[in-house]
Amino acid sequence: MIFLVDKTEIIMKKLLTILIGLTATGLLLIGQTNEKSSKGFVMDKVVKSDKEWETCLTPQEFQILREKGTERAFTGEYYNHKEDGTYICAGCENELFSSNTKYDSGSGWPAFFDALDETKVKIKRDLSYGMVRTEIICAKCDSHLGHVFEDGPKPTGLRYCVNSLALDFVPIK
Ligand SMILES: [Zn+2]
């Protein structure tokens, strides 16, 4: 009888060890799943101080991206640029616009009728210079890109008017 009790106790202990092991593995798996799913929605932000931005941007880029400047019309590198590829943020390389949505607005700045993906850019009301405009900001590094107007072509009717200096271009290989 004593022998039996001992054996039962050993079996119970073994079961308990297995149970604890399984629970731990389960919790670990749940943790990993959560991490994976949250990565799909949260963009890794790029946060830098003005000092850091000054070291990685040209003074002209800094003035546009970080001080919300506007380059002079018809002076930028990309307003008349017609290659196939992707326009990325000059501050953080976030992919912003496709050449498929680029069109000639005649304004002297690169114009797109849509962003590559709605998560790539943020828009914000801008009341500076006595005008009511909608500012376009890079969703990843919060840099100023340009303004969006509602006089664009179909299908969106939007004109994302972007400074060339806020962009870099990656051609399709
Ligand atoms: Zn950016």
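Residue-by-condition table, conditions (1) within 19 Å of residue 150 (Cβ to Cβ); (2) outside any loop (DSSP other than H, G, I, E, B):
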| site | (1), (2) |
| --- | --- |
| 79 | no, no |
| 93 | no, no |
| 97 | yes, yes |
| 107 | yes, no |
| 119 | no, no |
Residue 97: within 16 Å of the ligand (Cβ to nearest atom), in contact with a Gly (Cβ under 9 Å, 6 or more places away or on another chain) and modelled with pLDDT of 95 or more, yes or no? no
Within region 39-85, track down each residue that is closer than 17 Å to residue 137 by Cα, among the β-branched types (Val, Ile, Thr) and out of contact with any Leu (no Cβ under 6 Å at 6 or more places or on another chain). 42, 46, 47, 70
Could you give every pair whose Cβ atoms fall below 8 Å, whose first residue belongs to region 130-159 and is near the ligand (Cβ under 9 Å from one of its atoms), and whose second residue is of a type in the set (Ser, Thr, Tyr) and assigned to a loop (DSSP other than H, G, I, E, B), counting only separations of at least 6 or pairs across chains? 137/143; 139/119
So for region 47-60 (the condition being of a type in the set (A, V, I, L, M, F, W, C), within 24 Å of residue 153 (Cβ to Cβ) and touching a residue at least 12 places away in the same chain (Cβ under 8 Å)), does at least one residue qualify? no
Condition met for residue 79 (touching a residue at least 40 places away in the same chain (Cβ under 8 Å), of a type in the set (Ser, Thr, Tyr) and within 16 Å of the ligand (Cβ to nearest atom)): no
Name the single residue that is surrounded by the fewest Cβ atoms within 10 Å (Cβ to Cβ) among those in region 141-173 being out of contact with any Ser or Thr (no Cβ under 7 Å at 6 or more places or on another chain) and basic (Lys, Arg). 173
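The values are calculated or read from the model by the stated rules, or taken from the named source; none is laboratory data. What you are looking at is a predicted structure, and each value in this text was computed from that prediction instead of being measured. All Cβ positions, even for glycine, are placed from backbone atoms using ideal geometry, and neighbour counts span all protein chains on display.
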